[in-house]
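For reference, the structure discussed in these notes is given below.
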Amino acid sequence: MEEKDNEKCAKREYKGAGPSSAVYGLGFIGAAIYYISVATSFWIGVLGFLKAIVWPVFLVYEALKALGA
(Lines give C-alpha, C1' and ligand atoms only; values in the text may rest on other atoms or scores of the structure.)
Protein backbone atom coordinates (compact mmCIF):
# COMPACT_ATOMS: atom_id res chain seq x y z
CA MET A 1 0.00 0.00 0.00
CA GLU A 2 2.78 2.42 0.91
CA GLU A 3 4.55 1.68 -2.37
CA LYS A 4 1.50 2.77 -4.38
CA ASP A 5 1.41 6.10 -2.52
CA ASN A 6 5.06 6.66 -3.39
CA GLU A 7 4.33 5.92 -7.04
CA LYS A 8 1.52 8.50 -7.03
CA CYS A 9 3.87 11.10 -5.60
CA ALA A 10 6.58 10.22 -8.10
CA LYS A 11 4.18 10.61 -11.03
CA ARG A 12 3.11 14.08 -9.96
CA GLU A 13 4.36 16.59 -12.48
CA TYR A 14 5.19 20.22 -11.85
CA LYS A 15 3.49 22.55 -14.25
CA GLY A 16 5.51 25.71 -14.79
CA ALA A 17 4.31 29.26 -14.65
CA GLY A 18 3.60 29.32 -18.38
CA PRO A 19 2.62 32.84 -19.42
CA SER A 20 4.80 34.55 -16.83
CA SER A 21 7.81 32.62 -18.13
CA ALA A 22 7.04 33.86 -21.63
CA VAL A 23 6.81 37.46 -20.41
CA TYR A 24 10.13 37.14 -18.60
CA GLY A 25 11.74 35.57 -21.67
CA LEU A 26 10.54 38.28 -24.02
CA GLY A 27 11.52 40.93 -21.49
CA PHE A 28 14.98 39.39 -21.19
CA ILE A 29 15.48 39.40 -24.96
CA GLY A 30 14.27 42.98 -25.27
CA ALA A 31 16.40 44.19 -22.36
CA ALA A 32 19.48 42.39 -23.69
CA ILE A 33 19.03 43.95 -27.14
CA TYR A 34 18.55 47.40 -25.61
CA TYR A 35 21.45 47.28 -23.15
CA ILE A 36 23.86 45.80 -25.69
CA SER A 37 22.84 48.25 -28.43
CA VAL A 38 23.55 51.27 -26.23
CA ALA A 39 26.82 49.85 -24.89
CA THR A 40 29.90 51.93 -25.62
CA SER A 41 32.42 49.13 -24.98
CA PHE A 42 32.60 45.37 -24.71
CA TRP A 43 32.51 45.34 -20.90
CA ILE A 44 29.56 47.71 -20.79
CA GLY A 45 27.82 45.25 -23.14
CA VAL A 46 28.63 42.39 -20.74
CA LEU A 47 27.25 44.47 -17.87
CA GLY A 48 24.16 45.16 -19.98
CA PHE A 49 23.64 41.45 -20.53
CA LEU A 50 23.86 40.84 -16.77
CA LYS A 51 21.39 43.66 -16.18
CA ALA A 52 19.04 42.05 -18.71
CA ILE A 53 19.00 38.88 -16.61
CA VAL A 54 17.72 40.75 -13.54
CA TRP A 55 15.53 43.36 -15.27
CA PRO A 56 12.47 42.60 -13.08
CA VAL A 57 14.42 43.86 -10.06
CA PHE A 58 14.90 47.25 -11.73
CA LEU A 59 11.25 47.32 -12.79
CA VAL A 60 9.92 46.66 -9.28
CA TYR A 61 12.40 49.10 -7.71
CA GLU A 62 11.41 51.94 -10.03
CA ALA A 63 7.70 51.16 -9.62
CA LEU A 64 7.96 51.27 -5.83
CA LYS A 65 10.02 54.46 -6.00
CA ALA A 66 7.36 56.08 -8.22
CA LEU A 67 4.64 55.04 -5.77
CA GLY A 68 6.58 56.55 -2.89
CA ALA A 69 6.79 53.26 -1.01
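Out of E7, E62, E13, E3, one residue alone is modelled with pLDDT of 85 or more, loosely packed, with under 11 Cβ neighbours inside 10 Å and acidic (D, E). It is E62.
If Y34 passes every condition in (1) in contact with a Lys or Arg (Cβ under 8 Å, 6 or more places away or on another chain); (2) of a type outside the set (A, V, I, L, M); (3) modelled with pLDDT of 90 or more but one, which one does it miss? Against the list (1) in contact with a Lys or Arg (Cβ under 8 Å, 6 or more places away or on another chain); (2) of a type outside the set (A, V, I, L, M); (3) modelled with pLDDT of 90 or more, Y34 comes up short only on (1).
The values are calculated or read from the model by the stated rules, or taken from the named source; none is laboratory data. For clarity, every value in this text was computed on a predicted model and none was experimentally measured. All Cβ positions, glycine included, derive from the backbone under ideal geometry; neighbour counts span all protein chains shown.
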